Amino acid sequence: MTDNETYPKTLQQTNRQTAINNLQDTHAIIERLMNKTYQQQDTIASSTLRQTRTKVTALLSDMKNIDIDTFSGREGTLDEFYEVEERFIESSTRFLNAVESALKSNESVDTYAIGSSSDTLETIFNNRIVLTKKHLNEYEKLQIESHNQMQQEESLGSAPNVELDTAVLSKLYNYKNILEQKYSRYQPEISNKGDYVGNRKWKIELTDKSIRGTIKNRMLKTSLIFETYWYPLDEMRDALQIVQSEANAIGKNQYVSLCLVNDTWNNEIQKWAKGFVHQRMTLFLYELENDTLIFNKTSETAEHFEFWHSTDMTRVTLDDKVRLLVDDQEDFTINDLVTTCGFNDHGAKSYMSDMVKNGFVIDIGLDSPKYTNVKH
């Protein structure tokens with residue numbers, strides 16, 4: 001049981017070809033940049049670009065080597081393999097973007113940035129994880145576990161077969177439609193641990209009385225789940241049972257934000273939900289009659305995920321927060337992002353890597369990263 005998109009050998013080969021294509025385009029653009037610096041009579045830049053072109057030629061030759069899958073890389077875990085492969089593709093794309101930007105710019109060619117991108121790509125390429133049979137066996141095992149868990153999850157969430165009157169059904173459909181619009185327009189950007197997940201695969205699944213959004217990790221395995229469904233309960237015992245069943249179904253390295261929907265919730269169940277604490281789950285109760293979301297407001301994670309179960313359509317994205325940050329203080333650091341946005345250090349760095357790659361901000365730091373808007 002394998003997923004061709006994430007099978008380690010297939011992914012490594014696909015990434016190699018993508019990097020080769022990017023590097024071939026980069027090589028061609030460097031030729032044009034050399035011509036540009038020649039016309040500008042910038043002999044130093046032209047000489048530096050010539051050296052970079054030589055490095056690119058050698059790197060292309062290494063990447064095209066048919067024995068690349070037996071290259072002299074390094075040992076590492078399966079998780080490290082996926083992380084390095086992602087960084088490998090990101091670095092090749094970043095290098096291509098750097099030379100494309102230099103070609104479009106009317107300014108002098110920033111050979112330092114181009115050379116730095118080249119060195120980074122070469123370093124990551126030479127430090128890719130060497131795949132072993134142990135990695136492939138671990139992958140197969142994880143795929144089987146994921147399949148079994150999916151079957152277990154599908155057995156949950158089946159609400160009692162209660163006939164709904166027209167008014168309640170109308171409110172339920174309206175609520176679900178609001179969530180569908182929200183999930184289609186936005187996706188979660190920060191995980192419960194503070195990691196950046198805005199560049200991960202976001203999938204939405206709908207039924208008549210439920211909506212489910214999932215974030216996939218590098219292996220396209222579900223890591224973050226937002227589940228909201230109709231489940232009318234009057235007895236505390238029943239509420240405890242269904243929530244415990246959901247908690248038991250949470251897989252390793254997963255987190256679930258669960259919301260149960262009812263027309264109204266009794267006081268005992270509300271009180272319990274307001275004090276609910278679980279290491280891998282947040283619990284919300286939504287009342288259709290009062291458009292009210294009930295949860296533990298002392299939980300930072302629950303407050304962080306409240307938006308995904310509420311009817312509030314106003315979303316301040318990470319890009320919005322960074323724009324405000326730049327307008328307020330012109331430049332900022334990773335620590336500023338951690339404080340302002342709720343990232344952990346790794347999540348902030350991953351997000352800023354995307355921001356720099358997409359040309360929204362530039363890195364103006366010397367010894368350590370420091371960012372500002374391109375217009376500055």
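The values are calculated or read from the model by the stated rules, or taken from the named source; none is laboratory data. Please read these numbers as outputs of a predicted model, since none were measured by experiment. Methodologically, a virtual Cβ is constructed for each residue, glycine included, from the backbone with ideal geometry; neighbour enumeration extends over all protein chains shown. The protein model used for the area step is the full one, side chains on, heavy atoms only, and it has no ligands, DNA or RNA in it. Shrake-Rupley method; radii C 1.70, N 1.55, O 1.52, S 1.80 Å.
Filtered by the rule that a residue be crowded, with 18+ Cβ neighbours inside 10 Å and touching a residue at least 60 places away in the same chain (Cβ under 8 Å), region 16-28 gives 19, 22, 23, 26. Residues that are crowded, with 17+ Cβ neighbours inside 10 Å and either in contact (Cβ under 8 Å) with a residue 60 or more places away in the chain or basic (Lys, Arg) (or both) within region 245-256 comprise 246, 249, 251, 255, listed in sequence order. For first residues located in region 332-351 and farther than 16 Å from residue 189 by Cβ, partners that are of a type in the set (Phe, Trp, Tyr) and lie 6+ apart or on another chain with Cβ distances below 8 Å form the pairs 332/371; 333/371.
Restricting 293, 318, 325 to residues that are touching a helix residue (DSSP H, G or I) at 6+ places or on another chain (Cβ under 7 Å) and closer than 30 Å to residue 168 by Cβ narrows the list to 293. Residue count for region 355-374 satisfying the condition of being in a strand (DSSP E or B) and either at pLDDT below 70 or open to solvent by less than 60 Å² (accessible area, probe 1.4 Å) (or both): 4.
Of all residues in region 218-232, those satisfying the criterion of being on the phi < 0 side of the Ramachandran plot and in contact (Cβ under 8 Å) with a residue 40 or more places away in the chain are 218, 219, 221, 222, 226, 227, 228, 229, 230, 231, 232. Taking every residue in region 38-57 that is acidic (Asp, Glu) and pairing it with any residue that is open to solvent by 50 Å² or more (accessible area, probe 1.4 Å), at least 6 positions away or on another chain, the pairs with Cβ-Cβ distances below 7 Å are 42/108. Against the test of being at pLDDT below 90, open to solvent by less than 20 Å² (accessible area, probe 1.4 Å) and not acidic (Asp, Glu), the options 114, 129, 68, 144 yield a single qualifying residue, 68.
Each row is one residue, and each column tells you yes or no for (1) modelled with pLDDT of 95 or more; (2) over 25 Å from residue 369 (Cβ atoms); (3) open to solvent by 40 Å² or more (accessible area, probe 1.4 Å).
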site: 288; (1), (2), (3): yes, yes, no
site: 297; (1), (2), (3): yes, yes, yes
site: 302; (1), (2), (3): yes, yes, no
site: 306; (1), (2), (3): yes, yes, yes
site: 314; (1), (2), (3): no, yes, yes
site: 321; (1), (2), (3): no, no, yes
site: 326; (1), (2), (3): no, no, no
site: 332; (1), (2), (3): no, no, no
